[in-house]
1. Within the bounds of segment 294-306, is there any residue that is part of a helix (DSSP H, G or I), modelled with pLDDT under 90 and surrounded by fewer than 21 Cβ atoms within 10 Å (Cβ to Cβ)?
2. Among the candidates Ala219, Ala242, Ala207, single out the residue that is under 13 Å from Tyr173 (Cα atoms) and small (Gly, Ala, Ser).
3. Would you be able to tell me the number of residues in segment 177-220 that are over 21 Å from Leu243 (Cα atoms) and not aliphatic (A, V, I, L, M)?
4. So which residues in segment 437-486 are part of a loop (DSSP other than H, G, I, E, B) and over 30 Å from the mean Cα position of the chain (by Cα)?
5. Confirm whether Leu257 is under 30 Å from Gly366 (Cβ atoms), more than 22 Å from the chain's Cα centre (by Cα) and not assigned by TED's automatic domain parsing to the domain that holds Asp463.
6. Residues in segment 183-217 that are over 36 Å from the mean Cα position of the chain (by Cα) and of a type in the set (Asp, Glu): how many?
7. When segment 15-33 is examined, which residues are found to be on the phi < 0 side of the Ramachandran plot and surrounded by fewer than 12 Cβ atoms within 10 Å (Cβ to Cβ)?
8. Would you confirm whether or not segment 135-146 contains a residue that is of a type in the set (Lys, Arg) and at pLDDT below 85?
Amino acid sequence: MSKQEYYTIQELIELNLNSLPSTVLGIRKKANRENWQSRPRQGKGGGLEYSFESFNQDIQQAIILKIAKANKERTVCTAESKSFALLPQWERFEKANNTQKDKAKLKFQACVALDDQVKAGLNLMQAIDDTAKAFNVSHGSLKNWYYKVRKFERSDWLAILLCKSGSNRKINYAEIDVEAWEVLLADYLRPERPSFSACYYRLTRSAKEMGWTIPAKPALERKLKREVQKEVQVFLRDGERALFDLYPAMRRSVEDLQAMEWINGDGYQHNVFVKWKNGEIVRPKTWLWQDVRTRKILAWRCDLSENSDTIRLSLMDLINKYGIPKDCTIDNTRAAANKWLTGGVKNRYRFKVKEDDPVGIIPLLGITLHWTSVIAGKGHGQAKPIERAFSHGGLGEVVDKHPSLAGYFAGENVYNKPDNYNYGKDGVDFDVFITALEQGIQQWNERPQRKGEITQGLFSYSDVFARDYALAKVRKATDEQIRQLMLMSEAVTINKKGEFKLEAGGKLFGRTNVYWSQKLISSEFKKVVVRFDPEKLHENVEVYTLDGRYICTAECSITAGFGDKSVAREHSKHRKQFTKAVKQQAKAMDLMEAQETAAYLPETTEEDVPQPSIIELYQTQGSVALKQQVVIEEDEEISEFEKAFQLGVDKTNKLKLKR
């Protein structure tokens, strides 16, 4: 410890030493009486300051002890800031408990105070006595501590002075047979995750049979904790994904992003029974797009399931209202990774990637697509900020538990269902649900004092988006790009008036939606392709030639249609499911091939043709057929009675002819 060379009278008073007067006048008189060396005070204020070397030994020693105590924390921190590699004792110091460290700090302070007095020229034994009294320790202990450390650097004294009590104590662990220990590990560290108590009970039964020596259950639990790391236990019992969750999550900053520069999207399954437009009771699913920087939900579409249409049409809503983002993050699901949306993206990892695949809508619009990670065979959805909107306090709270949906809540899971759970027998009206969904999303966006990097606990998501979007550089979509997002199409025939009908709208009282455009009246095209938004069939549609050339926009002249294209898609899905199920049932019968049945038929043999007993001879004489004669075929087996009977018949016939 470096000592101060000069002191002012005020500094000496602040030390509050017993060997000095407590007033300015008293100290000045003592200085004059003992001839203290002085000099003009440096800096503002003027006056004199006195040399430390001119003080008598009692005052010097008292000052050193006082400063040592006053700088206790600073001295310790300075010593601890040194490298732990200077002496092996620092490793032992790190493993010591707080009580041992506090004792070492007390020894360190006493040795530092003693060393300062010795370096100031005081007698060693006298300095030890004075320092021991000041720190309330024995003369011999302080002497031993000082002799122990004085040959080393002061920065290492703290580690050297650490008490070694208990450090050499030998720890005895309970013994267990190696084979028994291996059996316990194999039983406990497996994916079925049996309890340790059950494994120990089985081990005791095996130990009796095999003659093993095993300790008590708590001893084995400590041995397991001591010898098998926690992360290894998690991996063997809970799997790779659970091990991944032990690693701290990466914290990303969005400060360098602009509003609408990066979006992310995902689908949310509602826990509400809804009576859909077709009368079916379902739990609908909503696809949502969110701004990554401000966390505001920008666009959404709701349908019976997560499909490419809801993703594409919600993206159309977002682009039409806010512009085209630069980057987009979604899960690698079958609905999101279909070729209509992501075709041409080389790392799609869904469906077969071909060189001649058509370019999907997302890359066609110049949006860079990013997939979420797949870890241990499962998607890492937490990488998307929108996942926070689906957790506790999210859309499940502001939408599914909306007051207008009371009585139709399905519960978060099979173990948490409300008392009025109706098992899907009835659902809330579709329009009521959509209204609750709109209000819930608005509430989510406008809730104030949001915690986050951008909101700072002061603003809502809508507030920061409005602020940052006004300063952002955003690409706006052209009409042609918006039409590319309307991939729902139908081939129709144009009549002489330039009108056509869409089957997608269904029929109501025998009428369908009729569309018209003046450009189609004199058009040479008799059949065209119409692109439309299936949920806005009463609005304008886009007309193209069969080979994809744009013609015009047609408006709906009769708004009598109902339904949407999703109904046909769901019907097609159900039909395919039915066909697939019947095929599987037929395949399960395991019928033999038809050719195999031929092996069970008898072999073909030549037929024995029977001979008639009477043969009719057909004769002609000129152009007139002769009267047929009955000729009896000679047969050795004919009896004499039959011959005589036949002869009698012949004679009778001749007599009749003569008459």
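1. no
2. Ala219
3. Number satisfying all stated conditions: 20.
4. If the condition is that a residue be part of a loop (DSSP other than H, G, I, E, B) and over 30 Å from the mean Cα position of the chain (by Cα), then Ala470, Leu471, Lys473, Lys476, Ala477, Thr478, Met486 are the ones that fit.
5. yes
6. 1
7. Residues satisfying the conditions are Asn18, Ser22, Thr23, Leu25, Asn32, Arg33.
8. No, segment 135-146 has no match at all.
The values are calculated or read from the model by the stated rules, or taken from the named source; none is laboratory data. Predicted model, so just to flag it, every value in this text is computed and none were measured. For neighbour counting, all protein chains shown are included, and Cβ atoms are generated from backbone atoms with ideal geometry for every residue, glycine included.
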